[in-house]
């Protein structure tokens, strides 16, 4: 069965301005929606109560209450995210809570990740002559890991974690290139600028982000969404990084299993040369 989040995303382009504001609010603050009345949501989205009701019917429900109940059910196993860490917790108890957060993050990401878009993004990367992966801050390590994986497949891939170099590299990409931007918030100006520069030369653009209503989505041909809600103790955004890494590992595995023998030979060549680096 199609999830509510998927259905809203699929209908998004055909919605009017007021409906899009409601959709943006639901996609951004899904957990909060179940606590709102029709009037409260209408006020936050600058529209009338009737518009919220029409939106609910448009996505397949009799009214807003039915939509809220369905969202609550769909979130069931993921709404308890963020087990609070206290000063009384032992180191191992903290470890278990972090594992819980990671598992819930992956379950939530599965619920919002579009299967068709994921596969089309993987196909684009597999067929690209050149792949550039852009990331800054916490996303820099993800960009480097992704490029490293693609290099093992024999792809001409590079990561770039400097905003000036991102602009230079993006300006040289063409129709046979793929540019990937990673930004949890979706609002990193340098990453968005790099994707927009990449599009000028005709490159296919892909983003990995946690927020659908964000500038990076508008700059992307394919948007891959994570859903990771960090707690106040998650300083380095571990849950979101694990979700991002899992997406790239999935694409890597897809290319290995769906490409011709060239990728397998490239992996073999890589492993063979790396053996010479060991005693």
Checklist entry - In degrees, nearest 10, range 0 to 90: what is the angle between the Cα axis of helix 91-112 and the longest Cα principal axis of the chain? => result 80
Checklist outcome for this item: Between the Cα axis of helix 238-258 and the main Cα principal axis of the chain, the angle (0 to 90°, nearest 10) is 60
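Shape call for region 58-176 from the C-alpha gyration tensor, a ≥ b ≥ c root eigenvalues: rounded (a/c under 1.5), prolate (a/b greater than b/c) or oblate?
It is oblate, given that a/c is not under 1.5 and a/b is not larger than b/c.
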Next on the checklist: At a threshold of 8 angstrom on Cα-Cα distance, excluding pairs fewer than six apart, so keeping six or more, what relative contact order does region 4-78 reach in percent?
Outcome noted: 32
Next on the checklist: Between region 27-55 and region 174-233, what is the separation of their alpha carbon centroids in Å?
Outcome noted: 27
Checklist outcome for this item: Sorted largest first, the C-alpha extents of region 158-228 along its principal axes in whole angstrom are 33, 22, 18
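With 21 Å as the cut-off, how large is the P(r) tail for region 115-275, expressed as percent of Cα-Cα pairs?
Working: 5305 of 12880 pairs.
Pairs farther apart than 21 Å: 41 percent.
Taking R0 as 25 Å, what's the FRET efficiency between residue 12 and residue 35 from their Cβ-Cβ distance, rounded to 0.05? Each step should come with its number before you reach the end.
Values: r = 23 Å, r/R0 = 0.93.
Once rounded, the FRET efficiency stands at 0.60.
Set the Förster distance to 22 Å, then compute FRET efficiency between residue 258 and residue 148 from the Cβ-Cβ distance, nearest 0.05. Spell out each step's value before the answer.
On the way: r = 20 Å, r/R0 = 0.91.
Taking R0 as 22 Å, the efficiency between residue 258 and residue 148 is 0.65.
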Next on the checklist: If I fit a long axis through the Cα atoms of helix 138-152 and take the longest principal axis of the Cα atoms of the chain, what angle between them do I get, 0 to 90°, rounded to 10?
Outcome noted: 50
Next on the checklist: Please check: in the Gaussian network model of the chain (C-alpha springs, under 10 Å), which one of 89, 193, 145 has the largest mean-square fluctuation.
Outcome noted: 89
Item to check | Packing rank of 205-218, 24-37, 146-159, where each peptide gets the mean count of other beta carbons within 10 Å, highest leading | outcome: 205-218, 146-159, 24-37
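Working out 0.36 nm times the residue gap between residue 86 and residue 275, then minus their Cα-Cα distance, what length gain in nm do you get to one decimal?
Details: separation 189, 0.36 × 189 = 68.04 nm, distance 4.54 nm.
Gain on extension, residue 86 to residue 275, equals 63.5 nm.
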Next on the checklist: Once you keep just the Cα pairs under 8 angstrom separated by 6 or more residues, what percentage relative contact order results for the chain?
Outcome noted: 17
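Laboratory data are not the source of any read-out in this text; all were calculated from the coordinates shown. Bear in mind the structure is a predicted one, so any value in this text is a computation, not a measurement. Please note: Cβ atoms are built from the backbone with ideal geometry, for glycine as well, and neighbour counts cover all protein chains shown.
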